[in-house]
Amino acid sequence: MLRLIDLDFSVTFCLLDLPPVNEYDMYIRNFGKINTKQAYVQWNEDNLDRDVQTDEIETQEKWTQHPGETAVVSGGDYCLDISDVSSLTPKIDSQRLASFLRSACQVIEVLLEEDQVATQPRRNLRSRPSSLSISDRCFQLNTNLPFLNGRRVSCLHISQGQRQALLSVHGFPEKSNDLSLDSKYIICVWNVWQPSSPQKLLFCESQVTCCCFSPSKATLVFAGTIDGSVLVWDLREDSRLHHCMKVNETDWTFRSPTFSTDGVFASVNHTCSVLTVEPVSTSVFKEQNCGLSYLSSQEEMLGLSFQIASMDENGTLSLWVSWNFSITITHSLFYSRDTVLTKVPQTLNIKFLPSNPNHFVVGTDAIVSHGTRHELRIPPRWFKPQQGAPRSTRINAIDFSPFGKPIFLVGCSDGSIRLHQMTSELPLMQWNNSTSGQPIISLQWALTRPAVFFVLDAMSVVYIWDLLENDLAPVAKQPIWSDKVITMAVLGEPEKPSGLLGIALAKESGTIDIKYVKKKWALPQPEESEKLNLLLQQAL
């Protein structure tokens, strides 16, 4: 049996396999652990660490969903208390957001227009060298639009609070443009920094004789018509509420009046042509404790604390706010025991004293009268020329100094110019021959210099007066023969040291030019107000 038993050795096991060590392994074994050291712990000895040169990155898990079904639209690692969901509701100030968006949109529009001008030089309406001797730079507002072609500009107005905002009133076109707007009058709201197109377009059925912005913010536009109506446009209204028209593949919104005095307050409303509308700020009254601020503090913060004064050719002065009252100027101002007029003067224009709007002066076809809102008789009753007696000259223009001084300029139809102060009947200064007898069309103070003012006469000649340089005659004279100038408005930024000062000229062809006057007449001079006061005291 032993011969039949045999053992099988086919299964082998390798107990040790030790290959030879190469040179790299020998190097690492000898030198690779020089900078390492072993730490001994009492537990978890197999927890080995690896050294790295970067800092550990902290992470958190967050979640979000859109659109959110509740006020909670996102979360994190913490446990959310459902009872505190109301505290997570975002606080939204819609008025502040709207104000920011309006300002941001204006900046974006200006930047986009500058880019467009840079890429399309032929459409360059931006500043370029001026051909006039009184200005350095000029540009033109784009009135070459289908609905503005052939329309004569009758009125210009610059906002008191936002100096870049300009109103222009356009009459009927000379030739039909086959548009439904041919039988309507158009008022354009411009931003002079964006001359390529008007910001807003307003229209009305009746002929517009005068217009103005609300005083502190250019959010409301007021206009007087030849029919005796006073119209109001609220520029904050949604454009979808108004008429939209496609002209040359471009959509334009034409805004109808938000409010009209037609048929309202019939006993005190105007029954004839409105000659002028003027904003009257009630914030001045509040500072003087006159108790004439009828609007809430929120409305005052929004720039809505003001009144509007309108005057018609019959001498009726109306002050408009949430209620209305009127003063018949013809009977309250033009009759006195000392002076007898041969006829009832025709009222032409009115201006309120900026430092105290209780006082106003009225220009007529004979005299300048002094009145108050409460019909109190405060001297002087009239402001007369140096000759002492009223003359048959029309008072075409009146403008108060914008620097707080109670002085004002008067421009007459015989070409004479007078400088008055509110406490004296006779003028401080009078110039009779500066325009060679041509009627004064427009007259306005400069906004950056107390001693400078501009004059436009009927022969389309612009004059610059600098009383510190010459108090006897204008220091510059610029005739414009190519295209007659109909009216003029002065714009500038008195709060900035750059001395930016310009004049807007509306021409007979319907174009509107912006001319920036030279720096020597625009930049404020050292102690200019004190020098002007000394000059006026010497004139007394």
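Answer yes or no: is there a residue in the stretch 39-54 that is modelled with pLDDT of 70 or more and aromatic (Phe, Trp, Tyr).
Checking the stretch 39-54: not a single residue is modelled with pLDDT of 70 or more and aromatic (Phe, Trp, Tyr).
Whether any residue in the stretch 231-252 is at pLDDT 90 or above, surrounded by 20 or more Cβ atoms within 10 Å (Cβ to Cβ) and closer than 23 Å to residue 313 by Cβ is what I want to check.
Checking the stretch 231-252: at least one residue is at pLDDT 90 or above, surrounded by 20 or more Cβ atoms within 10 Å (Cβ to Cβ) and closer than 23 Å to residue 313 by Cβ.
Need a quick list: strands (runs of 3 or more DSSP E) entirely within the stretch 170-281 having at least 3 residues that are under 30 Å from residue 361 (Cα atoms). Before you say what the answer is, go through the steps one by one.
Values: elements: 185-191, 200-204, 208-213, 220-225, 230-234, 243-247, 250-255, 274-281.
Where strands (runs of 3 or more DSSP E) fall fully within the stretch 170-281 and carry at least 3 residues being under 30 Å from residue 361 (Cα atoms), they are 185-191, 208-213, 220-225, 230-234, 274-281.
When you scan the stretch 454-463, do you find a residue that is closer than 25 Å to residue 527 by Cβ and in contact (Cβ under 8 Å) with a residue 40 or more places away in the chain, even just one?
yes
Residue by residue through the stretch 138-164, note down the ones that are open to solvent by 10 Å² or more (accessible area, probe 1.4 Å) and closer than 17 Å to residue 487 by Cβ.
140, 143, 152, 154, 155, 156, 157, 158
Residues to consider are 182, 178; find the one that is open to solvent by 50 Å² or more (accessible area, probe 1.4 Å) and more than 12 Å from the chain's Cα centre (by Cα).
Answer to the selection: 178.
Being surrounded by fewer than 17 Cβ atoms within 10 Å (Cβ to Cβ) and either closer than 19 Å to residue 281 by Cα or not polar (S, T, N, Q) (or both): is that true of residue 370 here?
When the stated conditions are applied, residue 370 does not pass them.
If I ask for residues that are in a strand (DSSP E or B) and under 17 Å from residue 440 (Cβ atoms), which ones from the stretch 363-378 would you list? Spell out how you get there, then give the answer.
So the first thing to find is which residues in the stretch 363-378 are in a strand (DSSP E or B), and the list is 363-364, 368-372.
Within the stretch 363-378, 363, 364, 368 meet the criteria.
Quickly run through the stretch 425-482 and pick out the residues that are buried (at least 22 other Cβ atoms within 10 Å of the Cβ), small (Gly, Ala, Ser) and more than 22 Å from residue 497 (Cβ to Cβ).
Across the stretch 425-482, the qualifying residue is only 442.
The values are calculated or read from the model by the stated rules, or taken from the named source; none is laboratory data. Since the structure is predicted, the reported quantities are computational estimates derived from the model, not experimental observations. Reconstructed Cβ throughout: ideal geometry from the backbone, glycine too, with neighbour counts over all protein chains shown. In case anyone asks, the SASA skips ligands and DNA or RNA and just uses the protein heavy atoms, side chains included. Shrake-Rupley method; radii C 1.70, N 1.55, O 1.52, S 1.80 Å.
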